[in-house]
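Every number here is computed from the coordinates shown, using simple stated rules; none is lab data. On a predicted model such as this, the values are computed, not experimentally measured, just so you know. No Cβ is skipped: glycine too gets one built from the backbone with ideal geometry, and neighbour counts run over all protein chains shown.
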Amino acid sequence: MPPEPMTPPFLFIPGPTPVPDHILSAMAQPSIGHRTPEFSHLWQDITGRLESMLGAKRVFLFSNPATGVWEAVIRNSVVKGALNLVNGAFSGKWHQTAEACGVMCEAITKPWGQAFHPEDIEGALSTGKFDTVTLVHNETSTGVASPIEPIAELIQRKYPDVLLHVDAVSSMAAVEIRADDWGLASCFASLQKAWSLPPGFTVCTVSDKLLDRSASMSAKGYYFDMHVYDTYYQKQQTPSTPSLPHMYGLQAVLSDIAAEGLDARYGRHLAMAGTVRQWATRRGQSLYAEPGCESVTLTAIRNDAGWDVQALYEALEKEGYRMDRGYGKLRGEVFRIAHMGAVTPHQVETYLATIDRLVAA
Ligand SMILES: *Cc1c(COP(=O)(O)O)cnc(C)c1O
């Protein structure tokens, strides 16, 4: 007997996020050959719109999760050493990825809940040991956003040979990114967070400096060789057969974004973040993030009010919601509410009202 069909709960977890029905439908289209004019047409539409949205000369399309791009940027960037900025679970895993690639790397570790600022890295950069820095913009495990611009400004001004790579997995498409203006070597995001697409695909801005560095390097492997990517980029193609459904979905999301308007989209995310932060503090909870560095796409809430998070999780599931109970070691102590992508302020308010009702019950 096959199991009973299950309606999956609506996701209020910080990834994956719900995919709207019309986007799911847009993904279901006939395959096309990836060495054909019709493919290059699709490629160009997506790539051109991404480049303009992210302020980047060049965007590569990867048919793999962002974890793969962590590895790609390390393999194409580190000759001397990588300085990995670690303030949570994802930045920690990126550091592990660098170690696993066998490059020289060191982590600067800050307590969970804190952000990185230029003064945290200045000393390490002045040693001259590093030619690469990795920064997770929005630490999804802790709900902390480290300001990109001041860190990028320091590196551009004083250490122009250092390549700064930014994981914007849970913030891209919700906050403004000007990759070339800020001098980012790369800035990337998989699509299952603020893009509201299914997991398994990553978009990545790539600077001239990164391509130059990559050209000087060997033993990069093949799949993640940025130089190979660039050769195909020139032909408006990808090196290997890409995930066409993701490309169709991304094309549809980019049209939604154009219809909403970028400023309106970024404003909607700020408004939803404001709603959730205010709601939490009014209920005797506090925010886990360093003040002033709270994420715009998710809120990590310290459970000061002592709610039974496991009971709430189970009750919310009966209401058709998937709640987050906190990442890893924070489970139960700090829980997170996502407010990113296609979710509307009304849906967020309804979710919060449901939590209020269940907590009071
Ligand atoms: C979710 C997440 C990742 C991992 O993305 P995958 O696409 O699953 O590899 C990396 N970094 C951050 C900040 C994330 O939130």
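The alpha-carbon atoms of segment 22-258 define a convex hull whose volume equals 108 cubic angstrom per residue. Could you please state, rounded to a whole Å, how far the C-alpha centre of segment 151-223 is from the C-alpha centre of segment 48-99? Cα centroid to Cα centroid, the span is 6 Å. Restricting segment 129-159 to trypsin sites (Lys or Arg not before Pro) that sit in a DSSP loop and have at most 16 other Cβ atoms within 10 Å of their own Cβ leaves Lys129.
Between Thr231 and Asp161, the distance separating the two model label sites (each 7 Å from Cα on the Cα→Cβ line) works out to 2.8 nm. Shown for segment 239-361 is the translational diffusion coefficient from the Stokes-Einstein equation, using the Kirkwood radius over Cα pairs, a temperature of 10 °C and a viscosity of 1.306 mPa s: 99 µm²/s.
The ranking of Met272, Met6, Met172 from fewest to most other beta carbons within 10 Å of each one's beta carbon is Met6, Met272, Met172. Is segment 32-77 best put as rounded, prolate or oblate by its Cα gyration tensor, with a ≥ b ≥ c the root eigenvalues, rounded for a/c under 1.5, and otherwise prolate when a/b is larger than b/c, oblate when not? The shape class here is oblate. Quick one, could you list the DSSP H helices from the chain stretching 18 Å or more along their long axis (Cα atoms) with average Kyte-Doolittle hydropathy of -1.0 or above? Passing helices, by number: 37-54, 244-260, 262-282, 345-360. Only helices enter the 222 nm calculation for the chain: every DSSP H run of n ≥ 4 contributes -39,500 (n - 2.57), and dividing by all residues gives -13000 deg cm²/dmol, rounded to 500.
For the peptides 199-211, 91-103, residues were scored by their other Cβ atoms within 10 Å and the scores averaged per peptide; the highest-first order is 199-211, 91-103. Counting beta carbons within 10 Å around each of Leu125, Leu298 and listing the fewest first gives the order Leu125, Leu298.
Working from label points 7 Å from Cα in the Cα-to-Cβ sense, the Tyr223 to Gln96 distance is 1.8 nm.
Sorting the segments 178-188, 327-337 by their mean number of nearby beta carbons within 10 angstrom, highest to lowest, gives 178-188, 327-337. The calculated FRET efficiency for Ala215 paired with Lys57, based on their beta-carbon distance and R0 = 22 Å, is about 0.85.
Of all DSSP beta bridges located in the chain, what percent are antiparallel, nearest 5? DSSP beta bridges in the chain are roughly 50 percent antiparallel. Semi-axis lengths, largest first, of the ellipsoid equivalent to segment 147-295 are 32, 22, 13 Å, with √(5λ) applied to each eigenvalue of the Cα gyration tensor. 3J(HN,Hα) along segment 129-139: 7, 10, 10, 8, 10, 10, 10, 8, 4, 10, 6 Hz, from the Karplus curve 6.51 cos²θ - 1.76 cosθ + 1.60 with θ = phi - 60°, whole Hz, x for Gly and Pro. Modelled label positions at Thr127 and Asp308, each set 7 Å beyond Cα in the direction of Cβ, lie 5.0 nm from each other.
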